[in-house]
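See below for the structure under consideration.
Just so it is clear, none of the values below were taken in a lab; they were calculated from the coordinates. These figures come from a predicted structure and were not determined experimentally. We place every Cβ from the backbone using ideal geometry, glycine too, and count neighbours over all the protein chains shown.
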Amino acid sequence: MSSECLFCKIAEGSIPAEIVAETESALAFRDINPQAPTHVLIIPRGHVESLNEVDDPEMMGELVRLSRMIASREGLENGWRWVTNVGGDGGQSVFHLHFHLLGGRRMNWPPG
Ligand code: 5GP
Ligand code: ZN
């Protein structure tokens with residue numbers, strides 16, 4: 001837990017969020033500023049800054065499984081998008097690893 005980290009605080013429950021799924025090591029909650037009808041953030045409970053710091057394939061597998069379960073539960077059988085922004089140029093604004101699960105509308109490409 002990093003005491004200044006917003007998503008660590010959501011993971012420990014000291015800042016509220018609309019939780020949609022959780023496991024022992026991962027958590028999923030709705031984005032506060034949704035960019036699509038479904039916009040869920042999937043995070044590891046433990047603090048990892050970004051994809052640059054990931055060295056745990058089991059953790060990544062858990063995030064993938066949880067994301068697919070949520071996509072299915074949200075009825076996104078026509079498709080969905082999974083995005084992670086890395087660093088300033090990647091557009092990252094919260095420095096606790098998170099994957100955006102977006103769906104419920106046709107996504108644009110390139111994302112800009
Ligand atoms: P990033 O820009 O780092 O890829 O994504 C950060 C995301 O976190 C943004 O989509 C933003 O809307 C979301 N966000 C920022 N603060 C909060 C918050 O307090 N609660 C929730 N649920 N989402 C947040
Ligand atoms: Zn954190």
Scanning segment 36-64 for residues that are over 13 Å from the mean Cα position of the chain (by Cα) and within 20 Å of Arg81 (Cβ to Cβ) gives Ala36, Pro37, Val54, Gly61
Out of Ala17, Ala36, Ala21, Ala28, sole residue that is touching a strand residue (DSSP E or B) at 6+ places or on another chain (Cβ under 6 Å), within 14 Å of ligand 2 (Cβ to nearest atom) and of a type outside the set (Val, Ile, Thr)
Ala17
With the structure loaded, tell me whether Glu24 is surrounded by 14 or more Cβ atoms within 10 Å (Cβ to Cβ) and charged (D, E, K, R) or whether it fails that test.
no
Listed by range, strands (runs of 3 or more DSSP E) wholly within the chain having at least 3 residues that are within 11 Å of ligand 1 (Cβ to nearest atom) are 26-30, 38-44, 99-103
Can you tell me which residue among Phe95, Phe7 is among the aromatic types (Phe, Trp, Tyr), surrounded by fewer than 19 Cβ atoms within 10 Å (Cβ to Cβ) and within 13 Å of ligand 2 (Cβ to nearest atom)?
Phe95
Please tell me if Leu51 is surrounded by fewer than 17 Cβ atoms within 10 Å (Cβ to Cβ), under 22 Å from Gly90 (Cβ atoms) and not β-branched (Val, Ile, Thr).
yes
